[in-house]
Amino acid sequence: MTPAERDMERATRMLARAKHVVVLTGAGISAESGIRTFRDTMRGLWKDFDPATLATPEAFARDPEVVTRWYDHRRLGCLAAEPNAGHTALVAIERGLIRRGGRFTLLTQNVDRLHHRAGSANVHELHGTIVVWRCTATGNELEPPPSPFREFPPRSAWGGLLRPAVVWFGEMLPIPALDAAARALRTCDCFMSVGTSSAVYPAAGFVDLAAASGSGTIEVNPQETPASGRFDVSIRARAGAALPELAARAFGTGT
Ligand code: OAD
């Protein structure tokens, strides 16, 4: 057995025995849907911009036109994308667990809504979503149609500027999602991190919270990350290849 086969075998055993599986996803799971990962996103039109300086309340206050153009460009990309085999495999894992009386919690840093569209039921969006926008004057939210805004920065019917309902650097994560994460990480017995560079906290620390609760931990990422050494098992493969294999091995095909 090669080391990679051994890792797949260990991860399968962990999943097959688990009663509560928590999965954390990052941009890598949507890469195979054609959505660029965060650290790969500033190409073409946007190559001269730094995401860390666009994804902040200060950038929006300084230049709402540039920031909303960038987010609208990404919003349309997310709406045009389709869930891939990785997203679908997580749905199979969730359904497989529920069928045998287990629990499944999906914590995502992604704002693209592809997990919902794939059919995942228990999803918590830690960084909000790009498909919903919020009026900065009233806090009211709306889902804009799948076409570009007509003016930049877009203005809401309630009078304020519209901004994407995502979490920017320096902003609080939504309390309900954080609460759900804290609760899940206390009770899980299998934690799997998929397609995240583990560079941004608090999500980067979830593996430690899960391990402190006695959970087994699995990382799925074709590249090593700063957190790799803190996982019990690392699967060095694309989510679209590794997750369907894990789902089929742990829950049987046709889940
Ligand atoms: P990153 O862009 O930092 O990392 C994407 C990760 O996905 C990398 O580690 C890649 O190796 C991996 N990857 C690429 N293709 C993959 C595939 N097919 N299957 C599995 N993994 C793959 O994205 P995130 O970790 O999600 O926050 O970034 C975390 C947060 O930082 C984002 O939510 C965003 C960003 O700045 C905010 O905007 C607040």
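Tabulated data for the structure shown
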| item | result |
| --- | --- |
| Under the Karplus curve 6.51 cos²θ - 1.76 cosθ + 1.60, θ = phi - 60°, whole-Hz ³J(HN,Hα) for segment 19-33, x wherever Gly or Pro sits | 9, 9, 9, 10, 10, 10, 10, x, 3, x, 6, 9, 4, 6, 9 |
| Amide H within-cut-off set for C190, under 5 Å, with H built and near neighbours excluded | H20, V22, G216 |
| Fraction of antiparallel bridges per DSSP, segment 132-255 only, in percent to nearest 5 | 45 percent |
| Mean projection area, nm², convex hull over Cα of segment 130-228 | 8.5 nm² |
| Sequence-separation-based contact order of the chain, relative, with Cα cut under 8 Å and 6+ spacing, percent | 26 percent |
| For the chain, calculated [θ]222 nm from helices alone, where every DSSP H run of n ≥ 4 adds -39500 (n - 2.57) | -11500 deg cm²/dmol |
| Förster radius 41 Å - calculated FRET efficiency between M1 and R150, Cβ distance, rounded to 0.05 | 0.10 |
| Positive-end residue of S198, T217, P154, charge dipole of segment 130-249 with Cβ unit charges | P154 |
| The chain: antiparallel DSSP beta bridges as a percent of all, rounded to 5 | 25 percent |
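Every read-out reported here was derived from the displayed coordinates using simple, explicitly stated rules and does not represent laboratory data. Computed from a predicted structure; not experimentally measured. Because the Cβ atoms are built from the backbone with ideal geometry, glycine has one as well, and the counts that use them run over all protein chains shown.
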